[in-house]
Amino acid sequence: MKTDVIILAAGIGSRLRPLTNNMPKTMIDVNGKSIIRRLMNQLSNSNDINIHIVAGYKQEVLNEFLKSNKDYKYNFIINEDYEITNNMYSLFLALNSLDNSDKNNLVIINADCVYDDRIVEEMLSSVESCIAIDENIFNDESMKVLLDDNKLVKKMSKSINKSEKSFVSMDIYNFNHQLKRELFVIISKYIEKGDLNSWTEVAIDELVQKGNKVKVRPFKNKWMEIDDLNDLKKAEEIFVC
């Protein structure tokens with residue numbers, strides 16, 4: 001089974017300045033290895049994936065960096081409107097470039113996260129539609145999921161309160177080919193009505209609220225979303241190599 005992996009890497013990363021003055025934040029080094037290099041190395045361990053990278057801010061710098069490694073195979077998509085759009089629009093551009101009639105699974109990864117190898121490996125190999133969750137933390141800024149009594153995702157939002165059924169999303173998602181098509185339909189409707197500045201997770205929330213079955217995949221492995229310089233410091237304490 002083939003899997004389309006979409007890496008969302010168009011953002012400016014303003015909270016990481018001055019480090020992002022001349023490069024996108026996915027190229028920021030974490031103890032000598034950039035976020036994107038770590039991720040591409042992890043993905044390159046699989047022969048059954050098609051990698052699609054959506055870039056925007058400093059896209060030419062990112063593309064030159066990726067082209068310098070001849071082992072990386074990827075489709076490069078440019079979001080020319082990165083300054084006025086959000087990552088749902090980037091995802092739309094990627095999905096619109098795919099053959100959505102195929103039976104490839106879909107894995108979505110935000111390019112500002114650093115993951116332990118096992119997380120990426122297990123999310124790629126999942127045969128069920130799922131969202132990676134961290135059972136060990138809960139904070140207000142992170143995207144969160146709320147589960148129903150059958151342990152299926154029934155809501156996704158940053159505003160979900162802490163409870164025994166709510167968990168932090170790790171910003172990596174796997175959807176089977178049916179839900180990939182349904183997600184594209186949902187996102188297309190947002191784009192058609194001119195909503196270009198919403199998060200991908202808004203569409204995922206609508207996907208699950210329509211009754212589509214999406215499970216969670218809990219991990220205790222290390223990971224870090226890097227939004228600012230404090231996050232980068234924490235990531236360098238966690239990922240020492």
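Laboratory data are not the source of any read-out in this text; all were calculated from the coordinates shown. In this text, all values refer to a predicted model and were calculated from it rather than measured experimentally. Note that we place each Cβ from the backbone using ideal geometry, even for glycine, and neighbour counts take in every protein chain shown.
Looking at Ile131, Ile160, which is the one that is buried (at least 18 other Cβ atoms within 10 Å of the Cβ) and under 22 Å from Leu98 (Cα atoms)? Among Ile131, Ile160, only Ile131 is buried (at least 18 other Cβ atoms within 10 Å of the Cβ) and under 22 Å from Leu98 (Cα atoms).
Looking at Lys180, Lys103, Lys73, just one residue is closer than 17 Å to Ile6 by Cβ, surrounded by 15 or more Cβ atoms within 10 Å (Cβ to Cβ) and among the basic types (Lys, Arg), and that residue is Lys180.
Determine, yes or no, whether Lys144 is surrounded by 21 or more Cβ atoms within 10 Å (Cβ to Cβ), basic (Lys, Arg) and without any contact (Cβ under 8 Å) to a residue 60 or more places away in the chain. The answer is yes for Lys144. For Leu95, the conditions (1) closer than 18 Å to Pro24 by Cα; (2) surrounded by 15 or more Cβ atoms within 10 Å (Cβ to Cβ) all hold with the exception of (1).
Take the conditions (1) out of contact with any helix residue (DSSP H, G or I) (no Cβ under 7 Å at 6 or more places or on another chain); (2) touching a residue at least 60 places away in the same chain (Cβ under 8 Å); (3) among the acidic types (Asp, Glu); Asp227 misses just one of them, which is (1).
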